[in-house]
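Accompanying notes for the structure given below.
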Amino acid sequence: MTSDPESGPSAADSLRPLMFSVYLPTLARGIGMGAGAPVMTLTALDLGASTAVAGLAVALVGLGQVLGDLPAGQLVAKVGERTSIIGGTAVGIVGVLVCLLAQNIPMLCAGLLIVGLSNAVWGLARMTYLAEAIPFERRARVMSLFGGSMRLGFFVGPFLGAVAILGLGARGGFVVELVAFAVAGALMVRPVPGTIVQEKEPPLSLVGVARLHRRVLSTLGAGVLLLGVARTSRDAILPLWADHIGMSAATASLIFGIGAALEVVFAYPAGHVMDRFGRGFIAVPSLTILAIAYFAVPLTHSAPSLGIVAVVMGIGNGISNGLIMVLGADVAPPAIRAEFLAAWRLNHDAGAFAGPLLIATLATAAPLAVSVLTIGGISALGATVMGRYIPQYVPWPRPAVDRDLHRSHNSSEQPGLRQSDLLQQKVTS
């Protein structure tokens, strides 16, 4: 998948209109999520939950995101990206308020689940807008910066949350999250540039999309699922291994922070590489680097050695910024883009939710090293799948023609086969 991207001032100019419509709202939301993440567990423990229950409560955000992916595609296709984002932000604010005011564990769990639902709608709507508005030759840079903005916010958020906790108590992080979500929503009230107004038609269901494009979703989509496992498992493995080798919490947090900072640094360069040389030049190295880092974790026995591994993980994770969005935008049929991207995101989010659960399950029956090595193997498998199925760029037919194909074959295999055949025939070696 290659292209001849623009360079110089014209490329930079193309990003400026997205500052207030994409990057600043994303940064604000990332700050909110970063500020709220540490206090989820603290609040659950403060309400009397055990360590296991507190961990399960936090996992409900991921579960909410997976469940939210199911109807999100139809919602975005029906009401549009901007309205969906504003609505998703409102739902997120409600969820944070429930967490902030929670008096018991079930109430906190309900709030966390609502926040996860909001994340699904917000993320899909923003992804759909970028897929429609950004030309192919600049797609990876724009989407990588989108992912980098979110990660920058998630990196800064805990520091702002810590300041709020000092002044407002243990739930101060939720206050920062509430304000950040409101700021992101306010920025999204403004009309976004390049919005394409199209006649709305009844959206396809997620089941219908999965049936039409099951070969794409089960091949390249499988690589996306494995990438989700590899990405989120790092957040569980590093703290667990740090505790396993007797490292202090402060040192472990510092190491984790260094890795997170590298994720932000590599966002734009990775996007530039994808635009210039193709998606496989980032997807395969990213998962390969993560696999090597996971395999190296059991060999670490001190803060410096684990710190080196954390840095390597940060690089592997950082260069994949925006990769899921870029691949999804590349293979999504324009006529049913929102519906297809909902199924696409479900693959990744299911992997992201399954990774930490897999680690916890294995850790109860075997040494922690077994969990780490298993994730390393999954990462290596993901690199193989990505290398096999990432397609070269093939333009889709005009939206009207493409929608006719989807609408006129309710149970036919032909549309799905056409997409799969393109992927099978146009792959990188």
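Residue-by-condition table, conditions (1) over 15 Å from the mean Cα position of the chain (by Cα); (2) closer than 24 Å to residue 21 by Cα; (3) of a type in the set (Val, Ile, Thr); (4) not in a helix (DSSP H, G or I):
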{"position": "137", "(1), (2), (3), (4)": "yes, yes, no, no"}
{"position": "144", "(1), (2), (3), (4)": "no, yes, no, no"}
{"position": "147", "(1), (2), (3), (4)": "no, yes, no, no"}
{"position": "153", "(1), (2), (3), (4)": "no, yes, no, no"}
{"position": "156", "(1), (2), (3), (4)": "yes, yes, yes, no"}
{"position": "159", "(1), (2), (3), (4)": "yes, no, no, no"}
{"position": "163", "(1), (2), (3), (4)": "yes, no, yes, no"}
{"position": "178", "(1), (2), (3), (4)": "yes, yes, no, no"}
{"position": "182", "(1), (2), (3), (4)": "yes, yes, no, no"}
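Could you tell me whether residue 166 is touching a helix residue (DSSP H, G or I) at 6+ places or on another chain (Cβ under 8 Å), surrounded by fewer than 24 Cβ atoms within 10 Å (Cβ to Cβ) and free of Cβ contacts under 8 Å to residues at least 40 places away in the same chain? So residue 166 fits the description; yes.
Table: residues versus (1) in a loop (DSSP other than H, G, I, E, B); (2) crowded, with 17+ Cβ neighbours inside 10 Å; (3) acidic (Asp, Glu); (4) modelled with pLDDT under 80.
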| site | (1), (2), (3), (4) |
| --- | --- |
| 337 | no, yes, no, no |
| 350 | no, yes, no, no |
| 360 | no, no, no, yes |
| 370 | no, no, no, no |
| 374 | no, yes, no, no |
| 387 | no, yes, no, no |
| 417 | no, no, no, yes |
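Every test in (1) in a helix (DSSP H, G or I); (2) touching a residue at least 12 places away in the same chain (Cβ under 8 Å); (3) not β-branched (Val, Ile, Thr) is passed by residue 320 save one, and that test is (1).
Determine whether residue 424 is in contact with a Gly (Cβ under 9 Å, 6 or more places away or on another chain), surrounded by 13 or more Cβ atoms within 10 Å (Cβ to Cβ), modelled with pLDDT under 90 and not hydrophobic (A, V, I, L, M, F, W, C).
Working: in contact with a Gly (Cβ under 9 Å, 6 or more places away or on another chain): no; surrounded by 13 or more Cβ atoms within 10 Å (Cβ to Cβ): yes; modelled with pLDDT under 90: yes; not hydrophobic (A, V, I, L, M, F, W, C): yes.
For residue 424, the condition - in contact with a Gly (Cβ under 9 Å, 6 or more places away or on another chain), surrounded by 13 or more Cβ atoms within 10 Å (Cβ to Cβ), modelled with pLDDT under 90 and not hydrophobic (A, V, I, L, M, F, W, C) - is not met.
Within region 77-121, the set of residues being part of a loop (DSSP other than H, G, I, E, B) and touching a Leu at 6+ places or on another chain (Cβ under 7 Å) comprises 102, 104.
Can you name the residue in region 285-303 that is over 16 Å from residue 385 (Cβ atoms) and small (Gly, Ala, Ser) and, of all such residues, is farthest from the chain's Cα centre (by Cα)? Applying the filter and picking the extreme gives 302. Is there a residue being modelled with pLDDT under 85 and surrounded by 21 or more Cβ atoms within 10 Å (Cβ to Cβ) anywhere in region 134-144? The answer is yes, given that some residue of region 134-144 is modelled with pLDDT under 85 and surrounded by 21 or more Cβ atoms within 10 Å (Cβ to Cβ). Scanning region 26-54 for residues that are over 20 Å from the mean Cα position of the chain (by Cα) and part of a helix (DSSP H, G or I) gives 39, 41, 42, 43, 44, 45, 46, 51, 52, 53, 54. Evaluation of residue 110 against the conditions (1) of a type in the set (A, V, I, L, M); (2) surrounded by fewer than 24 Cβ atoms within 10 Å (Cβ to Cβ); (3) in contact (Cβ under 8 Å) with a residue 40 or more places away in the chain shows that the sole unmet condition is (3).
The values are calculated or read from the model by the stated rules, or taken from the named source; none is laboratory data. All values derive from a computational prediction rather than experimental measurement. Cβ: placed from backbone, ideal geometry, glycine included. Neighbour counts: every protein chain shown.
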